[in-house]
Amino acid sequence: AQRVTQPEKLLSVFKGAPVELKCNYSYSGSPELFWYVQYSRQRLQLLLRHISRESIKGFTADLNKGETSFHLKKPFAQEEDSAMYYCALSGGGYQKVTFGTGTKLQVIP
Amino acid sequence: DVKVTQSSRYLVKRTGEKVFLECVQDMDHENMFWYRQDPGLGLRLIYFSYDVKMKEKGDIPEGYSVSREKKERFSLILESASTNQTSMYLCASQNEATQHFGDGTRLSIL
């Protein structure tokens, strides 16, 4: 069975501080990992996926297969980063996507 | 840009009613999904469909059914609504493992 764990329900950081949102997964094969974001009053949308290895809005995430983690990082938090963040896993192809329980990021001005 | 449209943003129904939530996507995606989103529980998959007239149970299918008569439309049905089905319902279509979500329907069962 596939599982995604986000241990923090709420993460509060000051503007300009580094951010790390934790995500650990359990999957027997080679997973595809994603981060989705939901800003206030907006729809859930893809932030980034590990296979693209790109930085979106200053965020990066590296897949660590040894530690089965896919933590989301940003060196300097901005107020507009305040949102709900979900880590997600897919087995690839036309398989279902499993989401974590989400972490609410609150950036304090 | 992918557009996923859910028919209602807010819906109030009574216990025991049969409730239909509609979702339409305009990108000819084969896969479509229904989730419910609850605080502290994240997104939980109710049902998904990978083709017309095909459906698969997700993690919490009890009390729900779905219909996919046309590729672009995926309907979620609450057979006999109960108060514990009060929630935010999200529909998504999928392309190459990336999911595209609608705005959601906030359903209240009284």
How large is Rg/Rh for chain B, to two decimals, with Cα atoms and a Kirkwood Rh? 0.94
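So if a site counts as exposed when it's one of the chymotrypsin sites (Phe, Trp or Tyr not before Pro), its DSSP state isn't H, G, I, E or B, and it has at most 15 other Cβ atoms within 10 Å, what's the longest stretch of chain A without one? The partial results should precede the final answer.
Values: sites that count: A:Y39, A:F76, A:Y94.
Formally, the longest exposed-site-free interval is A:1-38.
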Longer than 30 Å from Cα to Cα, which of B:K3/B:K53; A:K73/A:K96; A:K74/B:K71; A:K96/B:K3; A:K9/A:K96; A:K57/B:K57 are they? Say none if no pair is. A:K74/B:K71; A:K57/B:K57
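Return the loop-located trypsin sites (Lys or Arg not before Pro) in region A:49-104 (DSSP other than H, G, I, E, B) with at most 13 other Cβ atoms within 10 Å of their own Cβ; answer none if there are none. Walk me through the intermediate numbers first.
Details: sites: A:R49, A:R53, A:K57, A:K65, A:K73, A:K96, A:K104; in loops: A:R53, A:K57, A:K65, A:K96.
Filter output for region A:49-104: A:R53, A:K57, A:K65.
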How many partner chain Cβ atoms sit within 10 Å of a residue's Cβ in peptide A:32-43, on average, as a whole number? 2
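Once you keep just the Cα pairs under 8 angstrom separated by 6 or more residues, what percentage relative contact order results for region A:7-109?
Working: 225 pairs, mean separation 39.6, N = 103.
This gives 38 percent for region A:7-109.
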Average beta carbon contacts from partner chains per residue of A:99-107, 10 Å cutoff: 3
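Across the residues of B:33-43, average count of Cβ atoms on other protein chains within 10 Å? List each step's numbers first, then the result.
On the way: counts 2, 0, 3, 0, 6, 1, 5, 3, 3, 12, 11.
Average neighbour count from other chains, rounded to a whole number: 4.
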B:S7-A:S40 pseudo-label distance in nm [points 7 Å out on the Cα-to-Cβ vector]: 3.2
Distances longer than 12 Å among the Cα atoms of region B:61-103: what percent of all pairs is that? 70
If the cut-off is a Cα-Cα distance under 14 Å, which aspartates and glutamates reach B:K13, setting aside same-chain residues fewer than 8 apart in sequence? B:E79
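Where does each of A:D62, A:D81 land when they are ranked from fewest to most other beta-carbon atoms within 10 angstrom?
Details: A:D62 12, A:D81 20.
Neighbour counts put them in this order, fewest first: A:D62, A:D81.
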Size of charge dipole - region B:1-82 - debye, nearest 20, with Cβ of Lys, Arg +1 and Asp, Glu -1, no other charges: 280
Relative contact order for chain B: what is it in percent, counting Cα pairs under 8 Å that are at least 6 residues apart? 36
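Just so you know, all these numbers are worked out from the coordinates, no wet-lab data involved. Quick caveat, the model's predicted, so the values are computed rather than measured. Here the Cβ is made from the backbone with ideal geometry for all residues, glycine too, and neighbour counts use every protein chain on show.
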